[in-house]
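The values are calculated or read from the model by the stated rules, or taken from the named source; none is laboratory data. As the structure is a prediction and not an experimental result, all values here were calculated from the model. FYI the Cβ positions are ideal-geometry reconstructions off the backbone, even for glycines, and counts take in every protein chain you see.
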Amino acid sequence: MLIRRPADIAPSEITSPALYKRRRDFLRASGLLAIGGAALLSEDALAAKLAGVVQGAPAFRVSDTPTKFKDITTYNNYYEFGVNKDEPAENAGALKTRPWTVTVDGMCAKPRTFAIEDILKLAPIEERIYRMRCVEGWSMVIPWDGFPLSKLLAQVEPLGSAKFVEFTTALDRKAMNGVRYEILDWPYREGLRLDEAMHPLTLLTVGLYGQDLLNQNGAPVRIVVPWKYGFKSAKSIVHIRLTDTMPSTAWNKAAANEYGFYSNVNPDVDHPRWSQATERRIGEFAKRKTLLFNGYADQVGSLYAGMDLKKNF
Ligand code: MTE
């Protein structure tokens, strides 16, 4: 596992004990940490050893330089806490993220309400370094910590008739100063087709840079779907519902001609008000070309075989 963190933050400052322990357990299980009396690898040696893992699994850990921790945690979209990029970091501390439950129900054999503590026990937490592309034209590279959403969905045994998954996120009118404004039909809702939700890249995410998620990034639990525009990656999830009907989503309701259900990153399909052909990576000046499916075409292209991506934007 490639451990990267901002140079100015010590691991003890940024890593919650629980995430840190899970990471160590995972490394040990993968034979990447020496056990017992043998010397532990230094972080640099570990990173070098893991370079092969990175190359072997490019979809799960792109080799692009990760965006700085500070930028990831201070340049955010979380409209419940304000529309400006710096407002979530300033205001989201008001949200209480414990106790927290996520109800998973709808078309499944075993609907259940999970305490966040039980979700954390479902699978080993992995580090995934993903490219993220916002519909507004900027991008980041984020080392997320989480596990595939499919592992949570499997717990409730989806019925054969389920075709879609709807995500509903927290709505706390006292803590969220942004919901005074009816910019969106709160609570924020998003949705995926079931096969997209079950795809191994779709990450149920609880941390980044080895630290528990900060509230502005969607604590305590969010999803991350790296081949879609960022708004598909719903933050602070409280309810996941399996359904046979395409869910209506907050941005689609607000402007259906601008934000389609699929919202796959696609340089050939412009937003009605701007081009999507290029992007600015936060921390860089020159613009980059945007890649189809955000560079994950090899992994997810088959999900859309035969579909007209201009119509199904
Ligand atoms: N989830 C909720 N509940 N509310 C939001 O406003 N914004 C979305 C998405 N998830 C949003 C949300 C958008 S537009 C983006 S680009 C990403 O979160 C940003 O995630 P980040 O701030 O962690 O980079």
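Under 8 Å between Cβ atoms, at least 6 apart or on separate chains: pull out the pairs that start in region 197-217 with a residue that is of a type in the set (G, A, S) and end on any residue that is modelled with pLDDT of 95 or more and part of a helix (DSSP H, G or I).
Correct list of pairs: A197/L149; A197/S150; A197/L153.
Against the definition (of a type in the set (D, E), at pLDDT 95 or above and in a loop (DSSP other than H, G, I, E, B)), how does D185 come out, yes or no? Before you say what the answer is, go through the steps one by one.
Numbers: of a type in the set (D, E): yes; at pLDDT 95 or above: yes; in a loop (DSSP other than H, G, I, E, B): yes.
When the stated conditions are applied, D185 passes them.
Go through the residues of region 63-85 one by one and say whether even a single one is in contact with a Ser or Thr (Cβ under 8 Å, 6 or more places away or on another chain), at pLDDT 95 or above and surrounded by fewer than 22 Cβ atoms within 10 Å (Cβ to Cβ).
Within region 63-85, one or more residues are in contact with a Ser or Thr (Cβ under 8 Å, 6 or more places away or on another chain), at pLDDT 95 or above and surrounded by fewer than 22 Cβ atoms within 10 Å (Cβ to Cβ).
Across region 131-151, which residue is farthest from the chain's Cα centre (by Cα) among those that are within 16 Å of the ligand (Cβ to nearest atom) and of a type in the set (G, A, S)?
Let us first name the residues in region 131-151 that are within 16 Å of the ligand (Cβ to nearest atom), namely 131-146, 149.
From what is left, the residues that are of a type in the set (G, A, S) are 137, 139, 146.
Working: G137: 18, S139: 13, G146: 9 Å.
Once the filter is applied, the top-ranked residue is G137.
Output the residues belonging to region 232-258 that are crowded, with 20+ Cβ neighbours inside 10 Å and either more than 27 Å from D212 (Cβ to Cβ) or touching a Phe, Trp or Tyr at 6+ places or on another chain (Cβ under 9 Å) (or both).
At the first step, the residues of region 232-258 found to be crowded, with 20+ Cβ neighbours inside 10 Å are 232-237, 240-242, 249-252.
Matches in region 232-258: K232, A234, K235, S236, I237, I240, R241, L242, T249, A250, W251, N252.
Pairs, please: C-beta under 6 Å, at least 6 apart or cross-chain, first residue under 17 Å from V83 (Cβ atoms) and in region 171-184, second at pLDDT 95 or above and of a type in the set (S, T, N, Q)?
From residues that are under 17 Å from V83 (Cβ atoms), the pairs are N177/N91.
Output the number of residues of region 85-130 satisfying the condition of being within 17 Å of I240 (Cα to Cα), more than 20 Å from the chain's Cα centre (by Cα) and not in a loop (DSSP other than H, G, I, E, B).
Residues in region 85-130 being within 17 Å of I240 (Cα to Cα), more than 20 Å from the chain's Cα centre (by Cα) and not in a loop (DSSP other than H, G, I, E, B): 5 in total.
Looking at this structure, is Y259 farther than 30 Å from L95 by Cα and of a type in the set (S, T, Y)? If you could, list the steps in order and put the result at the bottom.
Details: farther than 30 Å from L95 by Cα: no; of a type in the set (S, T, Y): yes.
So Y259 fails the test.
Could you list, in sequence order, all residues of region 70-84 that are on the phi < 0 side of the Ramachandran plot, in a loop (DSSP other than H, G, I, E, B) and near the ligand (Cβ under 10 Å from one of its atoms)? Talk me through it step by step, then tell me what you get.
Step one: filter region 70-84 for residues on the phi < 0 side of the Ramachandran plot, giving 70-81, 83-84.
When the remaining residues are screened for being in a loop (DSSP other than H, G, I, E, B), the result is 75-78, 83-84.
The answer is Y75, N76, N77, Y78, V83.
Could you grab the pairs with beta carbons closer than 6 Å, sequence gap of 6+ or different chains, first residue in region 129-152 and assigned by TED's automatic domain parsing to the domain that holds L203 and more than 23 Å from V165 (Cβ to Cβ), second one among the aromatic types (F, W, Y) and crowded, with 19+ Cβ neighbours inside 10 Å?
P143/Y209
Is it the case, given these coordinates, that E196 is outside any strand (DSSP E or B) and out of contact with any Leu (no Cβ under 8 Å at 6 or more places or on another chain)?
Details: outside any strand (DSSP E or B): yes; out of contact with any Leu (no Cβ under 8 Å at 6 or more places or on another chain): no.
Criteria not met by E196.
Any residue at all in region 266-286 that is of a type outside the set (F, W, Y), closer than 14 Å to K232 by Cβ, touching a residue at least 24 places away in the same chain (Cβ under 8 Å) and assigned to a loop (DSSP other than H, G, I, E, B)?
Filtering region 266-286 for residues of a type outside the set (F, W, Y) gives 266-273, 275-284, 286.
Next, only the ones that are closer than 14 Å to K232 by Cβ stay: 266.
Then keep just the ones that are touching a residue at least 24 places away in the same chain (Cβ under 8 Å); that gives 266.
Imposing the further condition that a residue be assigned to a loop (DSSP other than H, G, I, E, B) reduces the set to 266.
Yes, the conditions are met somewhere in region 266-286.
Name the residue that is surrounded by the most Cβ atoms within 10 Å (Cβ to Cβ), counting only residues in region 260-313 that are under 24 Å from I142 (Cβ atoms) and among the charged types (D, E, K, R).
Among residues in region 260-313 that are under 24 Å from I142 (Cβ atoms) and among the charged types (D, E, K, R), the one surrounded by the most Cβ atoms within 10 Å (Cβ to Cβ) is E279.
Taking interchain pairs and intrachain pairs at least six residues apart, which have beta carbon atoms under 7 angstrom, with the first residue in region 101-114 and on the phi > 0 side of the Ramachandran plot and the second not hydrophobic (A, V, I, L, M, F, W, C)?
If the second residue must be not hydrophobic (A, V, I, L, M, F, W, C), the pairs left are G106/R241; G106/T243.
Across region 220-259, which residue is farthest from the ligand (Cβ to nearest atom) among those that are assigned to a strand (DSSP E or B) and within 18 Å of G137 (Cα to Cα)? Steps first, answer last, please.
Narrowing region 220-259 to residues assigned to a strand (DSSP E or B): 222-224, 228-229, 237-243.
Okay, now just the ones that are also within 18 Å of G137 (Cα to Cα), so 224, 228-229.
Working: V224: 8, K228: 10, Y229: 7 Å.
Filtering region 220-259 for residues that are assigned to a strand (DSSP E or B) and within 18 Å of G137 (Cα to Cα), the one farthest from the ligand (Cβ to nearest atom) comes out as K228.
Looking at (1) within 15 Å of the ligand (Cβ to nearest atom); (2) crowded, with 21+ Cβ neighbours inside 10 Å, find the lone condition where I119 falls short.
It is condition (1) that I119 fails.
State all residues of region 199-218 that are assigned to a loop (DSSP other than H, G, I, E, B) and out of contact with any Gly (no Cβ under 9 Å at 6 or more places or on another chain); if no residue qualifies, say none. Working first, answer last.
The initial filter retains those residues of region 199-218 that are assigned to a loop (DSSP other than H, G, I, E, B), namely 199-202, 209-210, 213-214, 218.
Within region 199-218, H199, P200, L201, T202, Y209, G210, G218 qualify.
Which condition from (1) more than 10 Å from the ligand (Cβ to nearest atom); (2) over 28 Å from P272 (Cα atoms); (3) of a type in the set (A, V, I, L, M) is the one that L192 breaks?
L192 satisfies all of (1) more than 10 Å from the ligand (Cβ to nearest atom); (2) over 28 Å from P272 (Cα atoms); (3) of a type in the set (A, V, I, L, M) except (2).
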